[in-house]
Amino acid sequence: MLVSNALTVAGGDVSLGEKEHGPPPAIELRHIHKSFGAVHANKDVHLFVRPGTIHGIVGENGAGKSTLMSILYGFYEADSGDILVDGRKVRINSSQAAIDAGIGMVHQHFMLVDTFTVLENVMLGAESGPLLRESADAARRRLAQLADDYGLRVAPDKMTGDLPVGEQQRVEILKTLYRGARVLILDEPTGVLTPQETEQLFRILAALKKEGVTIILITHKLREIMAATDYVSVMRGGEMVAHRHTARTSKEELAELMVGRRVNPTQRRVGSALGEVRLSVEKVSVLRRRSAPLLKDIDFSVRAGEIVGIAGVSGNGQSALLDVLSAIRPIDEGRIVVNGREITPRHPSDPAQLRDLKVAHVPEDRHRLGLVARFSAMETAILGYHRRARFNRGPFEFSQDLPAIERHCRALMERFDVRPPEPFIKSANMSGGNQQKLILAREIDQAPTVLLVGQPTRGVDIGAIEFIHRQLLDLRDQGCAIVMVSVELDEIMALSDRILVMFDGRIVHQVDNEDADIQSLGLMMTNAYDKEKHPPAAGARGKRGAP
Amino acid sequence: MADFFLLAVLTLDATLRVSTPLIFCAMAGIFSERSGIIDISLEGKMLMSAFVAAAIAAVTGSPWLALAGAVAAACAMALLHGFACITHKGNQVVSGVAINILASGLTAVLGNAWFQRGGQTPTLDASSRFMPITLPMADTLGQIPIIGTIYKHAISGHNGFVYLGFAVVPLTWWILFRTRFGLRLRAVGENPQAVDTAGLSVTALRYRAVLMCGVLTGLAGAYISIAQNAVFVRDMTAGQGYIALAAMIFGKWRPFHALGACLMFGLLDAVAIRLQGVHLPGIGEVPVQFIQALPYILTVVLLAGFIGKAVAPKAIGTPYVKER
Amino acid sequence: AEIKPAVVFDMGGKFDKSFNQSVYDGVERFKKETGIGYRDFVVTNETQREQAIRKMAQRGRSPIIAVGFSQAPAVAVVAKEYPKLKFTLIDGVVKLPNVQSVVFKEHEGSFLVGVLAAMASKTGKIGYIGGMDIPMIRAFGCGYAQGAKYARPDIQVIQNMTGSTPSAWNDPGRGTELAKGQFDRGVDVVYAAAGATGIGVYQAAADAGKLAIGVDSNQNYLHPGTMLTSMVKRVDVAAYNSLKTAMDGDWKAGVQAMGLKDGGVSWAYDKYNKSLITPAMKAKVDQAEADIIAGKIKVHDYRTDNACPN
Amino acid sequence: MSDQTRTLPRWIDIGLIPLINVAMALVVSGVIILAIGENPIDAVVIMLHGALGYEEGVGYTLYYATNFIFTGLAVAMAFHAGLFNIGGEGQAYIGGLGVGLAMLGLDHVLPMGLLIPIAILMAAAGGALWALIPAYLQAYRGSHVVITTIMFNFIASALMVYLMVHVLIEPGQQSPESREFAANAQLPFIYQVLGWFGIPMAKSPANLSLVWALICCVGVWFYIWRTKWGYELRAVGFNERAAIYGGVRPARVIILTMCLSGALAGFVGLNEIMGVQHKLLLDFTAGYGFTGIAVSLMGRNHPLGIILASLLFGVLYQGGADLAFDVPNITREMVVAIQGLIILFSGALAYMSTPWITRLYFRLHDGATPSDPPKPAHEEA
Ligand SMILES: Nc1ncnc2c1ncn2[C@@H]1O[C@H](COP(=O)(O)OP(=O)(O)OP(=O)(O)O)[C@@H](O)[C@H]1O
Ligand SMILES: Nc1ncnc2c1ncn2[C@@H]1O[C@H](COP(=O)(O)OP(=O)(O)OP(=O)(O)O)[C@@H](O)[C@H]1O
Ligand SMILES: [Mg+2]
Ligand SMILES: [Mg+2]
């Protein structure tokens, strides 16, 4: 693997502590503090990044990684603390200042103008004169040169919005290089990429490193840290808790550093006998107008008493699949039968109807789907079930039965240990984990016979993860049919009876839990798995497997 | 036939005259909305500047001072809009409504207080207004059939503002699509975060855009009160700001398309004046009210997507709040 | 006797250079001559008419002059409530024992300016621009056309109305456009009966070097050289007389129709337009005036049958 | 965004800050009055006396307030569903047309007891109809309701002019007005009703539609915060995607809400046509639809706040009329200007004062200064 070659190149015997020797760090942060209201997002953070290295930063959701990088890029100003670039103290109070200091950043969500061409995006803010033509000519020349230097090739006159994400990311990188960045920050760059694109990216990063560019890489995927970085720093609860030489640490150690204690993955219990088919999906496709279909020929079924896990790199159609199963999105081809109700392109259903069929749905994106931030907790607790007779009263049930709703909410909060157990609190003011528990409580409380659940533990602390996993397994044992989408392979492995792997809008593999191991699942997710356990064939797709 | 031709040319002539304030305002709207700031206060800014122009012209007798005052007044209103929408991230529609109502009230109050004529300004004499310009050799060339006629009757003899209005359209296009400022302005209306991370100030860009908008609405206002007319009367813009807004949407936020829409609405108006009471064969007498409402109806139809989808700048209407 | 007069102007406002302003001139003259002041108010919305008139009545004002036909319903209501006070309605009719209604034979005056317009026109085409499309304004145009045809049977008269709402009285921009539209069609004399909208018409005529005819008050001074004349409707006299008679104690209720005979309407001839009126024109129009007063010429009033003879 | 930023107490959020906003608007208005050479203090005294100092003035204040309650509720209703209804003016116009047509057709046929519910229905139907098309286009075609409702104001006005001038005008009449309705098609005035109970009151246009306005306030409050439909409406307004997830159909909610909003605006027609003018005429809406925006913003989109804001605007309108009457230099448009300022300060600049009030409050309260001033919590019951 190319990246590991890169590792050996830089893998000298450097003592981490002796930063006095050799060239000054490319970036040094001292005593950085940053608060948002009551949230102390960065507490006394120290970091130095050696020039010409790839430095990884890991940490749980909300650990303060992005905040730190935003401070470095002048998006936020630290409440206190110093930033040194190449040993010189600088004041970075705007993105412009960061650019001037030679820092470039590729954001989690791309900062591109979709309706502009690549060329226009690249020169935006770095034009060479008041007229566009001269700037464009200069930019075109420089792009050609960058392409030669780093193998970063993009068509300068293509509309950015029409490019695939991997190429858009390349535009982002080009933008920073165009501005003369010597330090490149990438915040979760691989979350949206396909495996091939990820691999491309790491190849580019290696090339950049060879040219002396310093890279800070934020990712949740310890695999990538191990493969691509020279050093790694760990953040927890806003603090920098450890720094390691990548070569001298392990995934297990990093995981433990991240959460602050030993992690015991949930132990799967083998399920009882399977019941009847509750959900069957037959040749379902969702088409898009100009690009490849979102879903193509999806075909599977789920029985009572089993959990079917959907694995895959995010962005391969899992979200669309949940939308389709919960009838939020209509299908273009095929047929879904859920609890006896047939859904076809001509006879679409809707979420309300499915709920009446005892199909519950814990959405992937709780902020945007699962709750209304400005509703009170008790209002959130009935979302989707607000038309039920038990929550309304009077002739035609014209009036909401507030006392009944409040009682209901209290009961849910108690059963699922939602804190604070306060029905009148605004949903937005609950912490992420508690929001997730409330949503889960709402859906599970209806005793569903089919449960659709997306990323059940995203952004949830470890204690809650265990609790949520237990709830899901209990529900399965009571005979519910569960479809679970997750990007966490460990979670998939820990809960699913059967695992479907999605790639590029299709289901590419299906395995029983007993036959699955993380290694081969990883290969399957990148569509590089070969049944006869032969090494992956050298082709356009999946030249290399996942590390 | 020759008569009909002349009539058509003269209708064209009138079209140019009545389209001019629409053109200025539509270009103004393009600057503002392309930068992401909804501007339904074109009407109010135009009214305010029309008043200030007439008031200054009446007092000083200088049309140039009046013009400067008009532009300054419209810019002041534009800055107010910017202060509310950019600095304080207020609701852009609400701010626009407020400015329209404020302008309607304030012009009448001040007009009455200063001139004691129920909100009117005194009538201006020729020396304190902008008068039509006869282009060189209009009469000589006018002898040539067709082309000459068009030159003499439709092209020559307009107010300087009319020519300026037509010059402003390619200028707007050029600024938007051929200059650095235009690139940044369009970017900030599509994705302000991209602009911010590119090291540019979203606030400064948007303020510059609303100022451009102010300058152009100021020209429109001055045209109405001290060029097209010689007096300011209460609410004299009579909804033209809204028509310009409609034209801008109709033109999908593009200068030349918007120009086309302005000319079409202007033509409707010019024709409406000439069609009044005329019986059309087969149709009978078209109610004037119908023709007057036509721009609004057409806009609704367009928005309904029957003519083609109008795609607004993506970030329009949302104040920019720094977030990761 | 002691009187406490009040005036309620209509929406155009007392400086419309036309109808309302003429009333204003009348009451100002009265004020200057007698030293008796008055209260006034300009209405700006429908409910205010009644409110304003009643307020004047509550404060014991009398006579209360209400300007414009739109005030008729309001006068009718308030006059009933205050039978002891005197009300004068100008340009409209309310039949109550304490209301004096003054109306004018605008068609007669318009006939005379029509004669002048036809004789002054070189192109044989003259124009008329009305304000709000109501029968009274049609009557202006109808009288004008009859006069023009009387002077020159082959004359062509182009008529336009500004609009159908009260804002038609207050839209000089549209007045300008309408006038230009008529000039484009060959008109070289235009008569406007359109309140403040007329300002735009006269301006357009002055800008284009065409002739224009003013209305209601003498507007010749506006653009000397292009204002051919004005059809003067002596609302100022009506207002003045109302106050004067009230002071002298001979104020009478009832309808007064003022025409050429009573000096209620006339055409303006002064230093500003002397040069535009040839002796022939003057002779012709004087003749016509005499004939109308004598009853030899009958000017048709549009309002009697909502039609205009061709 | 942060979950735990500190929130201000409700009394500051929905009491103090709106008051400060209005105060700022009034201070600027005072400066304008000074600038035209009058004394703002005197002006306030005249205004307050004119609006509240005598029975007729109070009656006029209530009459204006009635209109503002209707249009304010209309704006608020749509606002809770995330819609901005600027079309109150046109909806009121067509609502009035509905009332007028019904009364012209039926006033000699039916007794008042039947005409009143018919008028209410017709006003609602007219207003709802005029909101329906923009609502449909927003729901199914994605065309923005702000622009379409503005356009519909103009279309309503053209339509009314056409109808009044060519169809409904009373023959022989100078101005475009219909005939006057028979007495049984005229809503009783408040002074008449009080008169029946032997309580004398000066004549004024305040009429029974004020009672209907108050009923509407209660109805709107109940609908938005106490019914499942209101729940869905707010869900769509706050987070449309979550609403879809929850089985709500936003398109339906948008259409229903806009129709209700239009109906509320249409009741201006009830007040004006059946209550005060007693005939169909032009321009009876007189900008009340636009004022509704100010009223709703000031009242924080809550019926109780709307009642208070309507009274304030009633005072402004009636007091402003008296002011214009007594101080020749100040015309009625002063009220329009003040209204513009109130919309500016309570709407567009609503949060201008929030940062320093937050800072001040927390400094006084516990000496802490949050670096990130919170947006005020929103208007829930
Ligand atoms: N990249 C870095 N940025 C900021 N501080 C760092 C960085 N790397 C190391 N440190 C800090 O420098 C000090 C010395 O670190 P170093 O890891 O060399 O010590 P060590 O004794 O060698 O430990 P280990 O044996 O775990 O590597 C520690 O306090 C560490 O937290
Ligand atoms: N603009 C903001 N306002 C308020 N709080 C914020 C803001 N930005 C971040 N926070 C809070 O600061 C903390 C750190 O957030 P940050 O985004 O830096 O975490 P992260 O490590 O990047 O997490 P993730 O892995 O989810 O990207 C979180 O509690 C977050 O809620
Ligand atoms: Mg060490
Ligand atoms: Mg992050």
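Can you name every residue in region D:61-79 that is crowded, with 24+ Cβ neighbours inside 10 Å, among the aromatic types (Phe, Trp, Tyr) and over 16 Å from D:Val218 (Cα atoms)? Talk me through it step by step, then tell me what you get.
Going residue by residue through region D:61-79, those that are crowded, with 24+ Cβ neighbours inside 10 Å are D:61, D:63-78.
Going one step further and asking which of them are among the aromatic types (Phe, Trp, Tyr), we end up with D:63-64, D:68, D:70.
Across region D:61-79, the qualifying residues are D:Tyr63, D:Tyr64.
So is A:Gly62 surrounded by 24 or more Cβ atoms within 10 Å (Cβ to Cβ), part of a loop (DSSP other than H, G, I, E, B) and more than 16 Å from ligand 1 (Cβ to nearest atom) or not?
Values: surrounded by 24 or more Cβ atoms within 10 Å (Cβ to Cβ): no; part of a loop (DSSP other than H, G, I, E, B): yes; more than 16 Å from ligand 1 (Cβ to nearest atom): yes.
Against the criterion (surrounded by 24 or more Cβ atoms within 10 Å (Cβ to Cβ), part of a loop (DSSP other than H, G, I, E, B) and more than 16 Å from ligand 1 (Cβ to nearest atom)), A:Gly62 does not qualify.
Taking region B:231-270, which residues are more than 10 Å from chain C (Cβ to nearest Cβ), of a type in the set (A, V, I, L, M) and touching a residue at least 60 places away in the same chain (Cβ under 8 Å)? It would help to see each step written out before you state the result.
Here is the first cut: in region B:231-270, the residues more than 10 Å from chain C (Cβ to nearest Cβ) are B:239, B:241-268.
Keeping just the survivors that are of a type in the set (A, V, I, L, M) gives B:243-249, B:258-259, B:261, B:263-264, B:267-268.
Within region B:231-270, B:Ile243, B:Ala244, B:Leu245, B:Ala247, B:Met248, B:Ile249, B:Ala258, B:Leu259, B:Ala261, B:Leu263, B:Leu267 meet the criteria.
What's the number of the only condition in (1) within 16 Å of ligand 4 (Cβ to nearest atom); (2) within 14 Å of another protein chain (Cβ to nearest Cβ); (3) open to solvent by 10 Å² or more (accessible area, probe 1.4 Å) that A:Met240 fails to meet?
That leaves (2) as the condition not met.
With the requirement that a residue be assigned to a helix (DSSP H, G or I), among the β-branched types (Val, Ile, Thr) and buried (at least 24 other Cβ atoms within 10 Å of the Cβ), what does region D:316-357 give you?
Start the filter on region D:316-357 by keeping residues that are assigned to a helix (DSSP H, G or I), which leaves D:316-326, D:333-348, D:354-357.
Going one step further and asking which of them are among the β-branched types (Val, Ile, Thr), we end up with D:335-336, D:338, D:342-343, D:354, D:357.
The answer is D:Val335, D:Val336, D:Ile338, D:Ile342, D:Ile343.
Let's see how each residue does on (1) in contact with a helix residue (DSSP H, G or I) (Cβ under 6 Å, 6 or more places away or on another chain); (2) open to solvent by 20 Å² or more (accessible area, probe 1.4 Å):
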position: B:Val168; (1), (2): yes, no
position: B:Glu190; (1), (2): no, yes
position: B:Ala198; (1), (2): no, no
position: B:Val202; (1), (2): yes, no
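Check off (1) under 26 Å from A:Ser319 (Cβ atoms); (2) surrounded by 19 or more Cβ atoms within 10 Å (Cβ to Cβ) for A:His408 and give me the number that stays unchecked.
(1)
Residue-wise test of (1) among the β-branched types (Val, Ile, Thr); (2) buried (at least 24 other Cβ atoms within 10 Å of the Cβ).
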position	(1), (2)
B:Met27	no, yes
B:Ile30	yes, yes
B:Glu43	no, yes
B:Met48	no, yes
B:Ile56	yes, yes
B:Val71	yes, no
B:Ala74	no, yes
B:Ala84	no, yes
B:Leu102	no, yes
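Looking at region C:115-142, which of its residues are within 13 Å of chain D (Cβ to nearest Cβ), in a strand (DSSP E or B) and either open to solvent by 10 Å² or more (accessible area, probe 1.4 Å) or in contact with a Pro (Cβ under 7 Å, 6 or more places away or on another chain) (or both)?
Result: C:Met132, single match.
Scanning for something away from chain B (no Cβ under 13 Å), free of Cβ contacts under 8 Å to residues at least 40 places away in the same chain and open to solvent by 10 Å² or more (accessible area, probe 1.4 Å), does region C:168-185 turn up at least one residue? Give the derivation first.
Applying the first criterion (away from chain B (no Cβ under 13 Å)) to region C:168-185 yields none.
Within region C:168-185, not a single residue is away from chain B (no Cβ under 13 Å), free of Cβ contacts under 8 Å to residues at least 40 places away in the same chain and open to solvent by 10 Å² or more (accessible area, probe 1.4 Å).
Kindly evaluate B:Val301 against the criterion of being open to solvent by 40 Å² or more (accessible area, probe 1.4 Å), part of a loop (DSSP other than H, G, I, E, B) and over 30 Å from A:Tyr76 (Cα atoms). Can you show your working first?
Details: open to solvent by 40 Å² or more (accessible area, probe 1.4 Å): yes; part of a loop (DSSP other than H, G, I, E, B): no; over 30 Å from A:Tyr76 (Cα atoms): yes.
Judged against the criteria, B:Val301 is not a match.
Under 6 Å between Cβ atoms, at least 6 apart or on separate chains: pull out the pairs that start in region A:504-518 with a residue that is assigned to a helix (DSSP H, G or I) and end on any residue that is of a type outside the set (Gly, Ala, Ser).
Within 6 Å, the pairs are A:Asn513/A:Asp497; A:Ile518/A:Leu489.
I need every pair where a residue in region A:332-353 that is more than 23 Å from D:Ala243 (Cβ to Cβ) has its Cβ under 7 Å from the Cβ of a residue that is assigned to a loop (DSSP other than H, G, I, E, B) and open to solvent by less than 30 Å² (accessible area, probe 1.4 Å), sequence separation at least 6 or different chains.
A:Arg335/A:Thr344; A:Pro345/A:Ile331
Conditions (1) within 16 Å of B:Thr20 (Cβ to Cβ); (2) in contact with a Gly (Cβ under 9 Å, 6 or more places away or on another chain), marked per residue:
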{"position": "B:Thr217", "(1), (2)": "yes, yes"}
{"position": "B:Val231", "(1), (2)": "no, yes"}
{"position": "B:Gly282", "(1), (2)": "no, no"}
{"position": "B:Pro287", "(1), (2)": "no, no"}
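If only one of B:Ala98, B:Ala113 is hydrophobic (A, V, I, L, M, F, W, C), surrounded by fewer than 21 Cβ atoms within 10 Å (Cβ to Cβ) and within 14 Å of chain D (Cβ to nearest Cβ), which one is it?
Details: B:Ala98 fails: surrounded by fewer than 21 Cβ atoms within 10 Å (Cβ to Cβ).
After applying the criteria, what remains is B:Ala113.
Taking region A:86-126, which residues are more than 12 Å from chain B (Cβ to nearest Cβ) and either open to solvent by less than 10 Å² (accessible area, probe 1.4 Å) or assigned to a loop (DSSP other than H, G, I, E, B) (or both)?
Taking region A:86-126 and keeping what is more than 12 Å from chain B (Cβ to nearest Cβ), we get A:86-91, A:102, A:118.
A:Asp86, A:Gly87, A:Arg91, A:Gly102, A:Val118 - these are the residues of region A:86-126 that are more than 12 Å from chain B (Cβ to nearest Cβ) and either open to solvent by less than 10 Å² (accessible area, probe 1.4 Å) or assigned to a loop (DSSP other than H, G, I, E, B) (or both).
Restricted to region A:210-226, and to residues that are open to solvent by 20 Å² or more (accessible area, probe 1.4 Å) and either in a helix (DSSP H, G or I) or without any contact (Cβ under 8 Å) to a residue 60 or more places away in the chain (or both), which residue is farthest from ligand 2 (Cβ to nearest atom)? First the steps, then the outcome.
Initial filter on region A:210-226 (open to solvent by 20 Å² or more (accessible area, probe 1.4 Å)): A:210-212, A:220-224, A:226.
Those still in the list that are either in a helix (DSSP H, G or I) or without any contact (Cβ under 8 Å) to a residue 60 or more places away in the chain (or both) too: A:210, A:221-224, A:226.
Values: A:Lys210: 28, A:Lys221: 11, A:Leu222: 13, A:Arg223: 16, A:Glu224: 14, A:Met226: 18 Å.
For region A:210-226, the residue satisfying everything is A:Lys210.
Pick out the one residue from D:Ala131, D:Ala76, D:Ala135, D:Ala139 that is in contact (Cβ under 8 Å) with a residue 60 or more places away in the chain, touching a His at 6+ places or on another chain (Cβ under 9 Å) and within 14 Å of chain B (Cβ to nearest Cβ).
Being in contact (Cβ under 8 Å) with a residue 60 or more places away in the chain, touching a His at 6+ places or on another chain (Cβ under 9 Å) and within 14 Å of chain B (Cβ to nearest Cβ) holds for just one of D:Ala131, D:Ala76, D:Ala135, D:Ala139, which is D:Ala76.
Any residue that is without any contact (Cβ under 8 Å) to a residue 60 or more places away in the chain and more than 12 Å from chain A (Cβ to nearest Cβ) - is there at least one of those in region D:298-307? Step through it out loud before you land on a result.
Applying the first criterion (without any contact (Cβ under 8 Å) to a residue 60 or more places away in the chain) to region D:298-307 yields none.
No, every residue in region D:298-307 fails to be without any contact (Cβ under 8 Å) to a residue 60 or more places away in the chain and more than 12 Å from chain A (Cβ to nearest Cβ).
Please enumerate the residues belonging to region D:142-172 that are assigned to a loop (DSSP other than H, G, I, E, B) and more than 9 Å from chain B (Cβ to nearest Cβ).
Let us first name the residues in region D:142-172 that are assigned to a loop (DSSP other than H, G, I, E, B), namely D:142-144, D:169-172.
Scanning region D:142-172 gives D:Ile169, D:Glu170, D:Pro171, D:Gly172.
For residues in region B:116-140 being open to solvent by 60 Å² or more (accessible area, probe 1.4 Å) and touching a Phe, Trp or Tyr at 6+ places or on another chain (Cβ under 9 Å), which is farthest from B:Leu47 (Cα to Cα)? Break it down stepwise before answering.
Residues of region B:116-140 that are open to solvent by 60 Å² or more (accessible area, probe 1.4 Å), as a first pass: B:116-117, B:125, B:127, B:131-134, B:136-137, B:139-140.
Those left that are additionally touching a Phe, Trp or Tyr at 6+ places or on another chain (Cβ under 9 Å): B:116-117, B:133, B:137.
Details: B:Gln116: 19, B:Arg117: 17, B:Ile133: 25, B:Met137: 36 Å.
It comes out as B:Met137.
Of the residues that make up region A:378-397, is at least one within 12 Å of chain D (Cβ to nearest Cβ), in contact (Cβ under 8 Å) with a residue 40 or more places away in the chain and farther than 16 Å from D:Trp229 by Cα?
So far as region A:378-397 goes, yes, one or more of its residues are within 12 Å of chain D (Cβ to nearest Cβ), in contact (Cβ under 8 Å) with a residue 40 or more places away in the chain and farther than 16 Å from D:Trp229 by Cα.
Every residue in region A:400-435 that is part of a loop (DSSP other than H, G, I, E, B) and more than 21 Å from A:Arg366 (Cα to Cα), please.
First pass over region A:400-435, keeping only residues part of a loop (DSSP other than H, G, I, E, B): A:401, A:416-425, A:430-431.
A:Asp401 - this is the single residue of region A:400-435 that is part of a loop (DSSP other than H, G, I, E, B) and more than 21 Å from A:Arg366 (Cα to Cα).
Report the residue count in region A:38-51 for those that are crowded, with 18+ Cβ neighbours inside 10 Å and away from ligand 4 (no atom under 15 Å from the Cβ).
Applying the first criterion (crowded, with 18+ Cβ neighbours inside 10 Å) to region A:38-51 yields A:41-42, A:45, A:47-50.
If we keep only those that are away from ligand 4 (no atom under 15 Å from the Cβ) too, we end up with A:47-50.
So the count comes out to 4.
Do we find that D:Arg359 is within 12 Å of chain B (Cβ to nearest Cβ) and free of Cβ contacts under 8 Å to residues at least 40 places away in the same chain in this structure? Spell out how you get there, then give the answer.
Working: within 12 Å of chain B (Cβ to nearest Cβ): no; free of Cβ contacts under 8 Å to residues at least 40 places away in the same chain: yes.
No, not satisfied.
For region A:176-225, enumerate the residues that are within 14 Å of chain B (Cβ to nearest Cβ), away from ligand 1 (no atom under 16 Å from the Cβ) and farther than 13 Å from A:Ser314 by Cβ.
Answer for region A:176-225, where residues must be within 14 Å of chain B (Cβ to nearest Cβ), away from ligand 1 (no atom under 16 Å from the Cβ) and farther than 13 Å from A:Ser314 by Cβ: A:Thr176, A:Leu177, A:Tyr178, A:Arg179, A:Gly180, A:Ala181, A:Leu184, A:Leu186, A:Asp187.
The values are calculated or read from the model by the stated rules, or taken from the named source; none is laboratory data. What you see is a predicted model; the values in this text were computed from it and never measured. Because the Cβ atoms are built from the backbone with ideal geometry, glycine has one as well, and the counts that use them run over all protein chains shown. What goes into the accessible areas is simple: the full protein's heavy atoms, side chains included, and nothing from ligands, DNA or RNA. Shrake-Rupley method; radii C 1.70, N 1.55, O 1.52, S 1.80 Å.
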